[in-house]
Amino acid sequence: MSKPLPRVSEVNRAFYEGALKGELRLQQCEACRKWIYFPRVACPHCLEDRLGWVTASGRGSVYSFALVHRPQHPSFNGKIPIVLAAVALAEGPVIISEITGVDPTQVFIGMPVEAVWEQRSEEVAVVHFRPTADWRSRASSREGRAAAFSGNPGGAGLSGER
Ligand SMILES: [Zn+2]
């Protein structure tokens, strides 16, 4: 079974065009200069509608995450648990995405990550994140790891319940 595809629209088309080239593109407000994700028609900070597209670094860190053992779509069942994370990009915005390329039990809050792309169709690639090559040297925050694993294995944590 194939995974669901995001719907490409006039608003997010530049994002997905970048994705096909391996570029993580973000909007940036031409008035207040703040970075914006997800794609929209007006700046959520100042309501300006002149928004430009800029290729971001693709780097960030895990802000929070949950291990998903019961995905909402059967196409994901073959690779549970899925690490669903809030990734704080270096530019500021937070993306909800999947952490791949690492044992799920190794993921920790603060883990440095970089964008990778999962090609889901000819037109659509979806952004995921994997640990950067030097992540082990930055894995000293045991406190963050302990906090991350104190929740239930079903995966609370992104909904704002604390
Ligand atoms: Zn703005």
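The values are calculated or read from the model by the stated rules, or taken from the named source; none is laboratory data. Source: prediction; values computed, not measured. Methodologically, a virtual Cβ is constructed for each residue, glycine included, from the backbone with ideal geometry; neighbour enumeration extends over all protein chains shown.
Brief remarks on what is shown
- Unmet criterion (only one of (1) touching a residue at least 12 places away in the same chain (Cβ under 8 Å); (2) within 16 Å of the ligand (Cβ to nearest atom)) for S97: (2)
- The single residue among F15, F65 that is surrounded by 14 or more Cβ atoms within 10 Å (Cβ to Cβ), more than 21 Å from A125 (Cα to Cα) and away from the ligand (no atom under 16 Å from the Cβ) turns out to be F65.
- Residue check, P44 within 15 Å of the ligand (Cβ to nearest atom) and buried (at least 18 other Cβ atoms within 10 Å of the Cβ): no
- Filtered residues of region 68-80 (kept if surrounded by fewer than 11 Cβ atoms within 10 Å (Cβ to Cβ) and assigned to a helix (DSSP H, G or I)): P74, G78
- Conditions (1) farther than 22 Å from A115 by Cβ; (2) without any contact (Cβ under 8 Å) to a residue 24 or more places away in the chain: number failed by V41: (2)
- The set of residues in region 1-17 being assigned to a helix (DSSP H, G or I) and free of Cβ contacts under 8 Å to residues at least 24 places away in the same chain consists of R13, E17.
- Any hit, region 71-93, residues being modelled with pLDDT of 95 or more and closer than 20 Å to V11 by Cα: yes
For (1) in a loop (DSSP other than H, G, I, E, B); (2) modelled with pLDDT of 95 or more; (3) under 24 Å from A19 (Cβ atoms), each residue gets a yes or a no:
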{"residue": "V116", "(1), (2), (3)": "no, yes, yes"}
{"residue": "R136", "(1), (2), (3)": "no, no, no"}
{"residue": "S140", "(1), (2), (3)": "yes, no, no"}
{"residue": "G160", "(1), (2), (3)": "yes, no, no"}
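- Single condition V54 does not satisfy, out of (1) part of a strand (DSSP E or B); (2) crowded, with 17+ Cβ neighbours inside 10 Å: (2)
- Annotation note: Cβ proximity below 7 Å between a residue of region 115-135 that is within 14 Å of P6 (Cα to Cα) and a residue that is of a type in the set (D, E, K, R) and assigned to a strand (DSSP E or B) (sequence gap 6+ or interchain) occurs for A125/E118; V126/E118; H128/E98; H128/E118.
- Residue ID - nearest to W117 (Cα to Cα), chosen from residues in region 18-38 that are within 13 Å of the ligand (Cβ to nearest atom), touching a strand residue (DSSP E or B) at 6+ places or on another chain (Cβ under 8 Å) and assigned to a loop (DSSP other than H, G, I, E, B): K34
- Check on L51, within 25 Å of I99 (Cβ to Cβ), at pLDDT 95 or above, among the aliphatic types (A, V, I, L, M) and not assigned by TED's automatic domain parsing to the domain that holds A139: no
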